[in-house]
Structure formats: structure tokens, C-alpha cells
Amino acid sequence: MEIPAQCFDTCTSLERVTFPSKLGSIKRCAFFNCNFKTIEVPNINGDIEESAFSFCEKLMCVSIKGAIKTIGTKCFMCCKSLKQINIPNTVSELGCRCFMLCISLSSITLSSSLKNLPNNCFAECFELNKINIPNEVICVGKGCFKYCYSLKNVILSTNIQELGDQAFYQCRKLKTIRIPSSVKYIRNECFRYCKNLEIGIPNTVNSVGNKSFDKCKYVEIQKKNKNSDCLIV
């Protein structure tokens, strides 16, 4: 069984959903703009597609179990009451803007199977205060944590290679972050306006984009070995 696209789109009186014990996919916009407060998916073997639960502004608690691989673009976008979520370790892909504007989201546990964190995935999650990026992640996308004003603690994966444009733009409470030696590229405005940030750039970084550390409190650039590639700033 699957939930068809737009099946319950804007059913604003819908306050409770009971899913079957076995479920395929939840299709695009299936529960867009509904008013339930909790979701418990006991055993899903397909994907949760684009905007499936976006603009469910009263949604506070989500539990997802099963062999789910993908949580689609804008899936939980603008779920303004959502406070925490655990993404199952079977999930290998998150869509762009997946949790954008979840303004109450303070805690999230990411899947250990993720390879990338996509563009604007957690942008404008104003209450998010910490994030532990799993070891398999190699890229943090453009604007991924942009405007996460409460973000204080970030642990980057030891395999990460690229921090995208504006990835941590205006994370005003971020004070320290350790850039692992695996990082090769820090893109434009990555940490711009992180006004309390003290950070060191390891000599393994090959390229730093325009205004990447503009308005940061303190930045230390380690010198390149004469036999290594040059650091471009």
C-alpha cells in the first residue's frame, strides 16, 4: 500500500493518522498543510516524497521506522512546531530544504548512511543548537545551516571535503568549530557573519571562497608546506 500524491492535501480538519503496519511510499504532498500533531510510521519500505508533510504547522513529533531510503525535497518544510526528529540509519538521501523553516526544531539525529547534506536542508531552523554530522558525509551543501541563530555546537565528519556557499551563514552563536584535515574547499560566505566564531583553517584546505569568514571574531590560517598545493584566499 502507498499513500497517493496530494491524497489529503490541505485537509485542515485532519488531526490524526493511523498508518498500516506495512507501507510503501508516501507520495508528493500527500499530507500537505494538515493539522495533526504526531506522526508514527511503523514500517515504511518506500520513500517519503517531496512536500509530503510540509506546512503541517502543528506537527510536533515524528517517528519513522522501516527500510526508508529517501526523504524528499521540502518534505517537512515549515513544520513550525516540530521540536525533534531521529532520521533512521537506512536513509541515504535527504532532499533540498527538507527541514527548512522548522523554526522550533532544536534536536536532530542524522542517519549514518548520509553522504551529503543538501542545499538549505536546515536553513532557518532558529532553535537548532547542535548538530553531529555523520562520518560518511563528504559535503555540506549551500545554505545548509543558514540563519540557524542558536547553533552552538557543530561536529563535522572526519571525511568531509567541502563546505558549501553560506553553509553556516549568520550562525551567530557558533563560537568554535574544528575543520578536519579532510576539508579541501570552503566556499563563498561559508561562515560569514558568525560574529562569535574563532576558527583555524588547516593547511590541507586548497580553496577558501569570497567573504567566507567576513565578520568572524578570529581566524587563524595555517601556512602551507612549500611542497603542497597553495591555499587560495
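The values are calculated or read from the model by the stated rules, or taken from the named source; none is laboratory data. In this text, all values refer to a predicted model and were calculated from it rather than measured experimentally. Heads up, the Cβs are rebuilt from the backbone with ideal geometry, glycines too, and the neighbour counts pull from every protein chain shown.
The table below gives the values:
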quantity	calculated
Which numbered condition I85 misses (of (1) among the β-branched types (V, I, T); (2) in contact with a Cys (Cβ under 6 Å, 6 or more places away or on another chain); (3) within 25 Å of K152 (Cα to Cα))	(2)
Test result for I44, under 18 Å from A123 (Cα atoms) and either aliphatic (A, V, I, L, M) or touching a residue at least 24 places away in the same chain (Cβ under 8 Å) (or both)	no
Residue pairs meeting the criteria (Cβ under 8 Å; at least 6 apart or on separate chains; first in the same structural domain as C79 (by the TED database), in segment 1-17; second in a loop (DSSP other than H, G, I, E, B) and surrounded by fewer than 12 Cβ atoms within 10 Å (Cβ to Cβ))	M1/K22
Some residue of segment 33-44 being assigned to a loop (DSSP other than H, G, I, E, B) and aliphatic (A, V, I, L, M)	no
Residue in segment 46-56 that is in the same structural domain as K83 (by the TED database) and exposed (fewer than 14 other Cβ atoms within 10 Å of the Cβ) present	no
Positions within segment 78-105 being among the charged types (D, E, K, R) and touching an Asp or Glu at 6+ places or on another chain (Cβ under 7 Å), in sequence order	K80
Test for G72: is it touching a strand residue (DSSP E or B) at 6+ places or on another chain (Cβ under 9 Å) and modelled with pLDDT under 95	no
Sole residue being of a type in the set (A, V, I, L, M), in the same structural domain as D47 (by the TED database) and at pLDDT 95 or above, chosen from L163, L94	L94
Candidates F36, F99 - the one that is surrounded by 16 or more Cβ atoms within 10 Å (Cβ to Cβ), aromatic (F, W, Y) and within 14 Å of the chain's Cα centre (by Cα)	F99
Residue count for segment 177-209, restricted to those that are closer than 23 Å to N116 by Cβ, touching a Lys or Arg at 6+ places or on another chain (Cβ under 9 Å) and either polar (S, T, N, Q) or modelled with pLDDT under 90 (or both)	4
Selection within segment 102-123 - under 19 Å from F55 (Cβ atoms) and outside the structural domain of C61 (by the TED database)	N120, C121, F122, A123
Residues (assigned to a loop (DSSP other than H, G, I, E, B), hydrophobic (A, V, I, L, M, F, W, C) and in contact with an Asp or Glu (Cβ under 8 Å, 6 or more places away or on another chain)) located in segment 192-216	C216
Single residue of K22, K74, K27, K65 found to be closer than 23 Å to K142 by Cα and among the basic types (K, R)	K74
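Yes or no, residue by residue, for (1) surrounded by 15 or more Cβ atoms within 10 Å (Cβ to Cβ); (2) part of a loop (DSSP other than H, G, I, E, B); (3) among the hydroxyl-bearing types (S, T, Y); (4) at pLDDT below 95:
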residue	(1), (2), (3), (4)
L14	no, yes, no, yes
T18	no, yes, yes, yes
R28	yes, yes, no, no
K65	no, no, no, yes
